[in-house]
């Protein structure tokens, strides 16, 4: 069933491409239907999840000579990300109902991308993981290069360049793990069980460096983030939402799924690096975002900020001295919650930023003002998204960040106290953005007489994402029960 | 009874959220819904105060959200619900037909729910959540008339400033968890060593921020941009007092830390004196009342530090009634006369007798005239205080008599005839004013009879001295109103600008942060260009070394672009070249896996992989050209 969830979208994409002369409207509705079915299937997976270890596991031999198999399964860490991915693609599908630019290719590409994304989170084999990871890069490259706007080619190339080089380094690390294991294998659970590089500091350090470099580029953590702002700014709205919501999580997920449990000794040794890089990402991302004049670029930099909290948390989880298991578990749970939360909230904000481009072809904050007048629903959605993103209690971002702060402060008091400043800066930048664009005197770019309010498909795409962020913020147990089951395993594995 | 305690914050939160979602459609019904919910909350709070329930729900691992009602919470809950009801009744008449009543009442209810959760929370988690939601509601309500940019600026300043203080609660929560694995408020005082100090510092910071104590006071000035009912409920009676509540609740922690209590005492005293003086210098009635709020909350902070729990709590509740009454009268005048400028309100009390009477009652209570409420509660706070503190507080009391008297004698002065409006106050406003006047006058006296409070009786000498000070202050202010301000210009200006605290914050914090942010952004814009150029060069070098022929081919293909010789074009071309190489790799990887999937024989020989890669690249380039062109 998990396999069906993964490959249903790409199968639908092949059908769409194969059948000639499908009307564009049908193509768009097929996207919605397939995404909805896939989401429903993930919900079924969730309801059958028993909460211990890997579930819904499938393992088929693939390249047995080099220990590669088709091995998929879900646990408490991957299941929420699968659900978030399927949900975000569904929102993207609804949002795309008004997409008119070569919809067939667009829909097929996004369905392909959905399979690649789900595949990354379900993979329990390094090569399978790498394959899906790279396919997602290829898919996103085309989304930006073909359906982006303004300076999109250059941004797409830059995105490709960075993340692909990152993935090659990642592959190098995977091969290092493969060679160290006895018998050599790419199977993640086996590698985790063996944690073969404990006791060999040089090789282990190098492999960790390679894996983490690759994942840090994808996440992205400062200083590897420079591909992100142009890619986000020039991508179409749905592309940005998927890029921020899903693709960035592949990096952070890789840390938790592969780097931490398979290289526990190295992780503990270099935990401080993650703490420092995390804090720098938090503050640097927030400060640079504060100075932006382009709405979409600003949201892009807040992603760097939000990913920094995750790095802080997983770095703390590798800090054993002066730390308790309860705190480490809280930090890791917070990190995974942040992945889900950021997907929902930033995904929603990127979809909303598409409204600016659709109406007035500009993201420049200076050219808008008082939009709450002509577009009250749109203003309301952006305001809710902004408050959710700045970590207001009652939304998922708070649940994530509070756990990260509370779990990290004991072991890393200075770093965590500095990271706390991040939520103040993000509060300032979001309120200033609201103030400039939505409140005060009405102002629109020249040559744009009217600004239409959120259309039904935009509302239906975005509102459920924010509603889900609200539900998680108020009643988080349904999510945290699942995440905690996975997080406690990771915490134990790192402490070995 | 547990349902009752969930309903206390839950009912207004859910109703408020529903009103916000309904939007303009619910404008007509929103006032009724708001008042009905507020009216329901009062008996719920009273029942909860009597039955003292406690409830718990799981939230984070091992860190549940718990609500409970003890003596302090009971007093707070009843105070909050009563003031909320009065303010919402008043608000029915405040907004015109075309205004977004649904948004207003929705936000007010959300605020009330958050405030009720704040005062019943028994863990830092629940407290922090409710605490920050209050701040957000405050933001949205200050900026209620969002078309006017200056109001929105006030709202933004208020939220950011209070959130800076809120970081203290995050810090406290982290420290408490690190030390004990628990966030229970009751257990904070028992924490060990440095964690205890961290929690104390965090709590003091949060309280000072929310309660607009020094040096954060300035945000409350900007908060006056909101509608008068908002000032009455949030920015005087309840939210601003939450810092005082928090310190009263955690008074044992302050004392256990060894320095927290002393800090709170002097922070409160300094704010009471400084902002009392600021209040004297205001020309705008709402600004005067706002500065006075800071000063009065200073007494509560002082009480928490001095361990005078009963006095602090009584002062909080009494002040809530008095100050909301005063803000509502200011709002009523703003509605019927169109001004809150003290000069233009001259004689307003004589024209509108009901409003004037209510204002007189409130102002006399604020001045500390016996036997009205604040005279009693202030002296409860100060009973047993050491001499130095008592003297400082006496100065603050004298100042409060001066500013209250100044406002009072101005509105009671003979009218100058500049006003034409004789519009009576709407009925709803009148009801609210009358309803609040009673507790504003008599709560203090009633508190003396309250069972359990008799343990801390008034000190007769102190009470007598403060009564004399109050009367003397009033007399001085009467002279001031008649003869004009005796202040030098510089002092008056500094007072009117709230001691330049906001300018100071901008200079010391905001501007450096902005400069840093801009510098980093400029830096960040340059890095990718340089980085990408470097990578492109590197890529070309590698390509040249690896395959001369393909290099030549590619170079020929792109040299037409590069011929212009511009750096930009060569940069782009470099990237393109790299990307194609990267694509080769991607397809090679993908192709070889797919090949394996199809159970093709794996030769492991490199040249075959390269052949596959070349074929795949050709396909990909074809697709790319077809799709893109």
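The values are calculated or read from the model by the stated rules, or taken from the named source; none is laboratory data. These numbers were taken from a predicted model, which means no experiment stands behind them. Glycine gets a Cβ as well: all are built from the backbone with ideal geometry, and neighbour counts include every protein chain shown.
Residue by residue, here is whether (1) in a helix (DSSP H, G or I); (2) touching a residue at least 40 places away in the same chain (Cβ under 8 Å) holds:
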{"residue": "B:188", "(1), (2)": "yes, yes"}
{"residue": "B:195", "(1), (2)": "yes, no"}
{"residue": "B:225", "(1), (2)": "no, yes"}
{"residue": "B:233", "(1), (2)": "yes, yes"}
{"residue": "B:240", "(1), (2)": "yes, yes"}
{"residue": "B:248", "(1), (2)": "yes, yes"}
{"residue": "B:261", "(1), (2)": "yes, yes"}
{"residue": "B:277", "(1), (2)": "yes, yes"}
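Yes or no, residue by residue, for (1) away from chain B (no Cβ under 12 Å); (2) in contact with a helix residue (DSSP H, G or I) (Cβ under 6 Å, 6 or more places away or on another chain):
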site: A:228; (1), (2): no, yes
site: A:238; (1), (2): yes, yes
site: A:258; (1), (2): yes, no
site: A:277; (1), (2): yes, yes
site: A:304; (1), (2): no, yes
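Would you confirm whether any residue within the range B:4-15 is within 30 Å of residue A:376 (Cα to Cα) and in contact with a strand residue (DSSP E or B) (Cβ under 9 Å, 6 or more places away or on another chain)?
yes
Return the residues of the range A:156-170 that are touching a residue at least 24 places away in the same chain (Cβ under 8 Å) and either at the interface with chain B (Cβ under 8 Å from one of its Cβ atoms) or buried (at least 23 other Cβ atoms within 10 Å of the Cβ) (or both); say none if nothing qualifies.
Selection gives A:156, A:158, A:159, A:161, A:162, A:163, A:164, A:165, A:166, A:167, A:168, A:170.
Give the residues of the range A:433-461 that are in contact (Cβ under 8 Å) with a residue 60 or more places away in the chain and within 14 Å of chain B (Cβ to nearest Cβ), sorted by residue number.
Matches in the range A:433-461: A:433, A:436, A:437, A:438, A:439, A:440, A:441, A:442, A:443, A:453, A:454, A:459.
Okay, residues lined up against (1) within 10 Å of another protein chain (Cβ to nearest Cβ); (2) in contact (Cβ under 8 Å) with a residue 12 or more places away in the chain; (3) under 30 Å from residue A:334 (Cβ atoms):
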| site | (1), (2), (3) |
| --- | --- |
| B:49 | no, yes, no |
| B:62 | yes, yes, yes |
| B:80 | no, yes, no |
| B:83 | no, yes, no |
| B:86 | no, yes, no |
| B:121 | no, yes, yes |
| B:137 | no, yes, yes |
| B:140 | yes, yes, yes |
| B:151 | yes, yes, no |
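Only one residue in A:91, A:156 is in a helix (DSSP H, G or I), modelled with pLDDT of 95 or more and over 26 Å from residue A:485 (Cβ atoms), so which one is that?
Step by step, each of A:91, A:156 is checked, and only A:91 is in a helix (DSSP H, G or I), modelled with pLDDT of 95 or more and over 26 Å from residue A:485 (Cβ atoms).
Of all residues being free of Cβ contacts under 8 Å to residues at least 60 places away in the same chain and part of a helix (DSSP H, G or I) in the range B:64-77, which is nearest to residue B:123 (Cα to Cα)? Just the residue, please.
Top of the filtered list is B:73.
When you go through A:434, A:459, A:429, A:420 one by one, which is the residue that is within 30 Å of residue A:321 (Cβ to Cβ), within 26 Å of the chain's Cα centre (by Cα) and part of a helix (DSSP H, G or I)?
A:420 is the lone residue from the list that is within 30 Å of residue A:321 (Cβ to Cβ), within 26 Å of the chain's Cα centre (by Cα) and part of a helix (DSSP H, G or I).
What do you reckon, is residue A:311 closer than 22 Å to residue A:163 by Cβ, within 12 Å of chain B (Cβ to nearest Cβ) and in a helix (DSSP H, G or I)?
The answer is no for residue A:311.
What's the number of the condition residue A:450 fails, among (1) assigned to a helix (DSSP H, G or I); (2) surrounded by fewer than 17 Cβ atoms within 10 Å (Cβ to Cβ)?
Condition (1) is where residue A:450 drops out.
Every residue in the range A:393-413 that is over 15 Å from residue A:307 (Cα atoms), at the interface with chain B (Cβ under 7 Å from one of its Cβ atoms) and in a helix (DSSP H, G or I), please.
Once the filter is applied, which keeps residues that are over 15 Å from residue A:307 (Cα atoms), at the interface with chain B (Cβ under 7 Å from one of its Cβ atoms) and in a helix (DSSP H, G or I), the range A:393-413 yields A:406, A:409.
Would you confirm whether any residue within the range A:171-185 is within 11 Å of chain B (Cβ to nearest Cβ) and within 24 Å of residue A:222 (Cα to Cα)?
yes
Determine which member of the set A:492, A:484 is assigned to a helix (DSSP H, G or I) and either within 10 Å of chain B (Cβ to nearest Cβ) or crowded, with 24+ Cβ neighbours inside 10 Å (or both).
Exactly one of A:492, A:484 is assigned to a helix (DSSP H, G or I) and either within 10 Å of chain B (Cβ to nearest Cβ) or crowded, with 24+ Cβ neighbours inside 10 Å (or both), namely A:484.
Residues A:291, A:321, A:286, A:271: which one is more than 29 Å from residue A:192 (Cβ to Cβ) and either surrounded by fewer than 24 Cβ atoms within 10 Å (Cβ to Cβ) or touching a strand residue (DSSP E or B) at 6+ places or on another chain (Cβ under 7 Å) (or both)?
Going through A:291, A:321, A:286, A:271 in turn, the sole match is A:291.
State yes or no: is residue B:141 in a helix (DSSP H, G or I), in contact with a strand residue (DSSP E or B) (Cβ under 9 Å, 6 or more places away or on another chain) and not assigned by TED's automatic domain parsing to the domain that holds residue B:52?
So residue B:141 fails the test.
Give the residues of the range A:394-413 that are surrounded by fewer than 24 Cβ atoms within 10 Å (Cβ to Cβ) and touching a residue at least 60 places away in the same chain (Cβ under 8 Å), sorted by residue number.
Selection gives A:394 alone.
Quick one: which residue in B:305, B:312, B:298 is closer than 28 Å to residue B:334 by Cα, in the same structural domain as residue B:344 (by TED's automatic domain parsing) and touching a helix residue (DSSP H, G or I) at 6+ places or on another chain (Cβ under 6 Å)?
When all the criteria are applied, what remains is B:298.
Within the range A:68-106, track down each residue that is in contact with a helix residue (DSSP H, G or I) (Cβ under 7 Å, 6 or more places away or on another chain), surrounded by fewer than 21 Cβ atoms within 10 Å (Cβ to Cβ) and within 14 Å of another protein chain (Cβ to nearest Cβ).
Once the filter is applied, which keeps residues that are in contact with a helix residue (DSSP H, G or I) (Cβ under 7 Å, 6 or more places away or on another chain), surrounded by fewer than 21 Cβ atoms within 10 Å (Cβ to Cβ) and within 14 Å of another protein chain (Cβ to nearest Cβ), the range A:68-106 yields A:70, A:101, A:104, A:105.
Residue by residue through the range A:414-430, note down the ones that are without any contact (Cβ under 8 Å) to a residue 40 or more places away in the chain and either within 8 Å of chain B (Cβ to nearest Cβ) or buried (at least 24 other Cβ atoms within 10 Å of the Cβ) (or both).
Result: A:417, A:420, A:423, A:424, A:427.
Residues checked against (1) in the same structural domain as residue A:418 (by TED's automatic domain parsing); (2) crowded, with 24+ Cβ neighbours inside 10 Å; (3) in a helix (DSSP H, G or I):
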| position | (1), (2), (3) |
| --- | --- |
| A:239 | no, yes, yes |
| A:246 | no, yes, yes |
| A:251 | no, yes, yes |
| A:265 | no, no, yes |
| A:299 | yes, yes, yes |
